Structure formats: structure tokens, C-alpha cells
């Protein structure tokens, strides 16, 4: 139902993501807001690596509640504060998706809604 599009006529992706995903015969769509690094107990981890893990744990819970899994994700948009290392953010994405490649955009920004948030992620899933 969700299939990666990778034309041979363009350069490969810069990291472990897909240029595009086509969804065919989709019955349900899930669009999230920007999901932030607030743990279930209300705490916010201080490191970018821990925040990335928290965000993906939150996203995984949302997917499960919707009757979906990371295999249903088709697009991810990640916002990371300027100056933060990107490798742990990308590693958390790759781990959470378990090798499933999705369309992915990563944007560095000067600020998010709360100063303790170093990142947030919005995703689209189709099932």
C-alpha cells in the first residue's frame, strides 16, 4: 500500500530516508501535530538524544492508539534547535522506524515554543 519512489534519474538520498512514498488504496490517514519531548510523567529530558527517544516513544504510542505501526509512516518532519547535533536525532528515527524508509525532512530552527524543547516531530501515516 505504501511504496518508496526512487527514480534512477536523480541522485540518491543524503541519508537513510526515501525521496517519496506513494500510498495506494489507503483507507485511513493519521496526521500528528508537532510531538514534543515531554515524558509521560511531565518531565523533559535535557539531552537531544534523550529528547529524540522520548518524541519517538510518544509517536509510537500515538500510532498504536490509531491501530497503526511504524511501517505505516509515510512522512516525517523533524524540527531541531540550531546548534544541536543531528546524528542522535537521525539515529532515533532510524531505530524507531526499524529500517522502514519514509519521506523525511529535517529543519534546524532558532526556537521552539518552549525553551527546554530541543526538537519536535510531526508525521503522516497511511494504513
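The values are calculated or read from the model by the stated rules, or taken from the named source; none is laboratory data. Source: prediction; values computed, not measured. Cβ: placed from backbone, ideal geometry, glycine included. Neighbour counts: every protein chain shown.
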Across the range 8-46, the tally of residues that are farther than 26 Å from residue 57 by Cβ and in contact with a strand residue (DSSP E or B) (Cβ under 9 Å, 6 or more places away or on another chain) stands at 5
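If you go through the range 33-52, how many residues are crowded, with 19+ Cβ neighbours inside 10 Å and in a helix (DSSP H, G or I)?
Restricting attention to the range 33-52, the residues satisfying the condition of being crowded, with 19+ Cβ neighbours inside 10 Å are 35-37, 48, 51-52.
Filter again for in a helix (DSSP H, G or I), leaving 48, 51-52.
Within the range 33-52, residues that are crowded, with 19+ Cβ neighbours inside 10 Å and in a helix (DSSP H, G or I) number 3.
Just the residues that are out of contact with any helix residue (DSSP H, G or I) (no Cβ under 8 Å at 6 or more places or on another chain), surrounded by 11 or more Cβ atoms within 10 Å (Cβ to Cβ) and part of a strand (DSSP E or B), please, taken from the range 97-126. Before the answer, list the steps.
Going through the range 97-126, the residues out of contact with any helix residue (DSSP H, G or I) (no Cβ under 8 Å at 6 or more places or on another chain) turn out to be 99, 101-103, 105, 107-116, 122, 124.
Next cut, surrounded by 11 or more Cβ atoms within 10 Å (Cβ to Cβ) only: 101-103, 105, 108-109, 112, 114, 116, 122, 124.
Residues satisfying the conditions are 103, 105, 108, 109, 122, 124.
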Flagged pairs (Cβ under 6 angstrom, 6 or more apart or on separate chains; first in the range 29-41, over 10 Å from residue 122 (Cβ atoms); second at pLDDT 95 or above and surrounded by fewer than 17 Cβ atoms within 10 Å (Cβ to Cβ)) are 30/66; 37/44; 38/44
Selection from the range 72-96 of residues surrounded by fewer than 20 Cβ atoms within 10 Å (Cβ to Cβ), in a helix (DSSP H, G or I) and within 12 Å of the chain's Cα centre (by Cα) yields 90, 91, 94, 95
